[in-house]
1. Would you mention how many residues in the range 285-322 are touching a helix residue (DSSP H, G or I) at 6+ places or on another chain (Cβ under 6 Å) and at pLDDT below 80?
2. Can you give me the number of residues within the range 242-255 that are touching a helix residue (DSSP H, G or I) at 6+ places or on another chain (Cβ under 9 Å) and either surrounded by 11 or more Cβ atoms within 10 Å (Cβ to Cβ) or closer than 21 Å to residue 310 by Cα (or both)?
3. Just to verify a result, which residue in the range 351-367, among those that are touching a strand residue (DSSP E or B) at 6+ places or on another chain (Cβ under 8 Å) and in a loop (DSSP other than H, G, I, E, B), is surrounded by the most Cβ atoms within 10 Å (Cβ to Cβ)?
4. When you look at residue 329, is it free of Cβ contacts under 8 Å to residues at least 40 places away in the same chain and loosely packed, with under 11 Cβ neighbours inside 10 Å, yes or no?
5. Which numbered condition trips up residue 381, out of (1) at pLDDT 95 or above; (2) surrounded by 14 or more Cβ atoms within 10 Å (Cβ to Cβ)?
6. Given (1) in a loop (DSSP other than H, G, I, E, B); (2) within 30 Å of residue 346 (Cα to Cα); (3) not assigned by TED's automatic domain parsing to the domain that holds residue 338, identify the lone condition not met by residue 322.
7. Examine the range 51-72 for a residue that is surrounded by 11 or more Cβ atoms within 10 Å (Cβ to Cβ), out of contact with any strand residue (DSSP E or B) (no Cβ under 6 Å at 6 or more places or on another chain) and at pLDDT below 90, and state whether such a residue exists.
8. Just to be sure before I move on: is residue 301 more than 60 Å from the chain's Cα centre (by Cα) and either assigned to a loop (DSSP other than H, G, I, E, B) or under 30 Å from residue 403 (Cβ atoms) (or both) in the structure I sent?
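The values are calculated or read from the model by the stated rules, or taken from the named source; none is laboratory data. Bear in mind that the values here come from a model prediction, so they are computed numbers and not experimental data. Don't worry about glycine lacking a Cβ; one is built from the backbone with ideal geometry, like all the others, and counts go over all protein chains shown.
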């Protein structure tokens with residue numbers, strides 16, 4: 001006779017988890033032992049069997065995870081397709097190191113050793129410099145570790161290791177550089193470093209910085225140091241006590257300032273810098289006082305600036321310009337100013353004639369190739385047309401003095417036009 005969901009020998013039913021769906025939830029915890037994979041469970045929602053891998057999967061904790069979220073109120077049944085197995089308890093002493101694989105172990109309670117036994121961390125000959133240690137997992141906080149570094153032969157930790165409670169010093173006198181046994185401390189004493197004995201010993205506390213020894217490398221600020229610095233500052237309370245200031249050789253008078261003397265390499269009393277333009281050494285507005293509209297002009301003889309009229313703004317005639325001369329020869333009607341290089345000035349002169357061109361026309365007879373033209377022309381300033389077609393200078397015609405010569409005589413009846421450009 002078959003038994004669905006039961007084992008004849010053990011009579012234990014399949015494990016079943018049942019839930020009422022909650023809105024917005026996709027993960028539902030499964031009972032232990034957890035299923036091995038998605039096909040190890042049968043999931044039914046409101047009587048509809050769900051398809052493994054498509055409708056649901058197992059998350060990292062081997063709990064049921066729908067591909068979406070439940071609406072709320074659904075009847076969810078999860079049947080584990082495997083019966084629970086009662087695990088036997090191994091007998092004492094039956095588990096040895098070869099039964100363990102190279103994985104991490106989590107112990108729910110204390111690890112205890114027998115009286116006189118010890119917890120041993122095995123040395124790994126393949127990686128002899130690797131550190132070994134113990135880590136305290138603090139959850140959301142920073143983990144605490146205690147580890148042995150075989151390279152430096154030092155126990156390391158990321159926290160301060162206390163001395164109370166066993167191991168190490170339980171009293172300050174247990175420290176190797178503290179001695180409170182030879183001379184027991186009395187009320188109010190402190191530990192003072194004894195350089196001779198190379199240790200801290202009981203001694204009187206310093207009551208002021210005067211009791212501290214002045215040194216070259218100590219990092220404290222003593223009364224002695226403060227007194228020296230205060231004395232320096234008090235001594236220098238007068239500006240005359242500064243090394244680069246001399247107000248003794250020549251005492252300052254009212255209104256004077258300190259002026260740098262490069263020769264003596266010091267500041268000495270002297271007149272302040274000019275407060276008006278007349279106080280400048282290369283300006284003289286005292287000998288001749290300036291009047292309205294005047295400017296300062298350089299006087300090369302006196303080697304200074306002096307008041308003078310501003311020629312550029314007070315001109316009334318063109319003849320007042322330095323490079324124009326209309327006095328030597330007065331200009332006549334219609335004349336213009338022409339530059340004369342010899343005098344380096346503009347002077348009156350006759351204006352150049354207006355530029356214009358002239359022209360001549362002829363009719364070819366089939367034999368005449370030479371035609372008279374005005375003097376002073378070349379092929380570059382004479383335009384030649386045959387029946388309105390421009391001829392090419394030098395190629396079609398040449399000019400020598402006052403004669404224009406065609407390379408080939410114009411045909412009988414051809415219109416010949418010469419246009420003479422201004423020269």
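1. Kept after step one, since they are touching a helix residue (DSSP H, G or I) at 6+ places or on another chain (Cβ under 6 Å), are these residues of the range 285-322: 285.
Still in the list and also at pLDDT below 80: none.
So the answer is 0.
2. The total comes to 3.
3. Taking the range 351-367 as the starting set, the residues that turn out to be touching a strand residue (DSSP E or B) at 6+ places or on another chain (Cβ under 8 Å) are 351, 357-364.
Now drop any that are not in a loop (DSSP other than H, G, I, E, B), which leaves 351, 357, 364.
On the way: 351: 10, 357: 12, 364: 19.
Only one residue fits best here, namely 364.
4. no
5. (1)
6. Condition (3) is where residue 322 drops out.
7. No - not one qualifying residue is present in the range 51-72.
8. Working: more than 60 Å from the chain's Cα centre (by Cα): no; either assigned to a loop (DSSP other than H, G, I, E, B) or under 30 Å from residue 403 (Cβ atoms) (or both): yes.
For residue 301, the condition - more than 60 Å from the chain's Cα centre (by Cα) and either assigned to a loop (DSSP other than H, G, I, E, B) or under 30 Å from residue 403 (Cβ atoms) (or both) - is not met.
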